[in-house]
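Novice: After the C-alpha cells below, expect a handful of questions from me.
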C-alpha cells in the first residue's frame with residue numbers, strides 16, 4: 001500500500017471519529033544513512049515517499065475533515081537531524097528538514113482555521129533500530145550517537161538540550177522565530193494542545209524518553 005492509498009483509507013475512519021475532536025500524529029519513518037554520492041534514485045523515492053509524502057498526504061485528507069469540525073491538531077515527528085549536518089546522513093536529514101518546513105507551512109496555512117500543526121524533534125533514542133544502523137555503518141553505538149559540535153538549533157546552542165523550539169508561524173503566517181522552553185515530560189500531547197497560531201518543535205533527549 002502506498003502512502004497515498006493509505007492516507008485515503010485512513011480518511012474514512014478518521015471522519016467518523018472527528019466529532020469528538022481528533023489529533024493526527026504522523027510518526028512513520030524509514031532510515032537511510034548515506035552520503036549524496038551513495039544515495040540512489042530508489043533511496044530518494046523511498047525515504048521521501050514515507051518520511052515526507054506520507055505526512056503530507058495524511059494531512060491532505062485530515063485537514064478538510066478538521067475544517068468541518070472547526071478544529072483539529074496535527075503533530076509531525078521530525079528529528080534533531082532536521083537541525084544538524086551529520087556525516088553520512090544525507091537522505092535522512094533532508095527528509096526531516098522537509099518535515100520541519102512542511103509543519104511550519106501547514107501551521108501558517110491552517111492555524112487561522114483552528115487547526116494546530118506542530119512537530120516533535122526527538123534526539124537519539126536507545127532502540128534496536130539505531131543499534132542496527134550503527135552496526136551497518138561499521139560504527140560503535142557511541143560513535144553513531146555523537147552530537148555535532150554545532151547544529152544551528154537556537155535551543156541547543158543556548159544549552160537547552162532537553163527542550164526548545166524552532167521558528168514558528170506568527171499571526172498572518174509571518175515567521176516568528178522563538179525558543180519556547182517546555183518541561184520535557186510534555187510530548188506530542190503538549191504539541192497538540194498549543195494555542196494558535198504556533199509551530200512548536202519540542203526537542204527530546206534520550207534521558208527524557
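The values are calculated or read from the model by the stated rules, or taken from the named source; none is laboratory data. Please read these numbers as outputs of a predicted model, since none were measured by experiment. Positions of Cβ are generated from backbone atoms using ideal geometry, with glycine treated the same way; all protein chains shown enter the neighbour counts.
Novice: Can you name the number of the only condition in (1) modelled with pLDDT of 95 or more; (2) outside any helix (DSSP H, G or I) that residue 49 fails?
Specialist: The failed condition is (2).
Novice: Looking only at region 110-122, decide whether some residue is crowded, with 21+ Cβ neighbours inside 10 Å, more than 9 Å from the chain's Cα centre (by Cα), part of a helix (DSSP H, G or I) and without any contact (Cβ under 8 Å) to a residue 60 or more places away in the chain. Don't jump to the end; show me each part of the working.
Specialist: Going residue by residue through region 110-122, those that are crowded, with 21+ Cβ neighbours inside 10 Å are 110-111, 115-121.
The next check asks that each one be more than 9 Å from the chain's Cα centre (by Cα); those that pass are 110-111, 115-117.
Filter once more, keeping what is part of a helix (DSSP H, G or I): 110-111.
Still in the running and without any contact (Cβ under 8 Å) to a residue 60 or more places away in the chain: 110.
Looking for residues that are crowded, with 21+ Cβ neighbours inside 10 Å, more than 9 Å from the chain's Cα centre (by Cα), part of a helix (DSSP H, G or I) and without any contact (Cβ under 8 Å) to a residue 60 or more places away in the chain, one finds at least one in region 110-122, hence yes.
Novice: Shifting gears a bit: Tell me which of these residue 149 doesn't satisfy, since it passes every other one: (1) on the phi < 0 side of the Ramachandran plot; (2) part of a loop (DSSP other than H, G, I, E, B); (3) out of contact with any helix residue (DSSP H, G or I) (no Cβ under 8 Å at 6 or more places or on another chain); (4) modelled with pLDDT of 50 or more.
Specialist: Against the list (1) on the phi < 0 side of the Ramachandran plot; (2) part of a loop (DSSP other than H, G, I, E, B); (3) out of contact with any helix residue (DSSP H, G or I) (no Cβ under 8 Å at 6 or more places or on another chain); (4) modelled with pLDDT of 50 or more, residue 149 comes up short only on (4).
Novice: Considering region 131-145 alone, what residues qualify as being outside any helix (DSSP H, G or I) and over 22 Å from the mean Cα position of the chain (by Cα)? Before you say what the answer is, go through the steps one by one.
Specialist: Looking only at region 131-145, we keep the residues that are outside any helix (DSSP H, G or I), and these are 137-140, 145.
Scanning region 131-145 gives 137, 138, 139, 140.
Novice: Could you figure out which of (1) part of a helix (DSSP H, G or I); (2) surrounded by 16 or more Cβ atoms within 10 Å (Cβ to Cβ); (3) over 18 Å from the mean Cα position of the chain (by Cα) isn't true of residue 39?
Specialist: Exception for residue 39: condition (1).
Novice: Now a separate question. Considering (1) free of Cβ contacts under 8 Å to residues at least 40 places away in the same chain; (2) buried (at least 16 other Cβ atoms within 10 Å of the Cβ), say which one residue 52 fails and leave the rest.
Specialist: Against the list (1) free of Cβ contacts under 8 Å to residues at least 40 places away in the same chain; (2) buried (at least 16 other Cβ atoms within 10 Å of the Cβ), residue 52 comes up short only on (1).
Novice: Could you list, in sequence order, all residues of region 80-109 that are at negative phi and not in a helix (DSSP H, G or I)? Give the steps one after another, and end with the answer.
Specialist: Going residue by residue through region 80-109, those that are at negative phi are 80-87, 89-109.
Scanning region 80-109 gives 83, 84, 85, 86, 87, 89.
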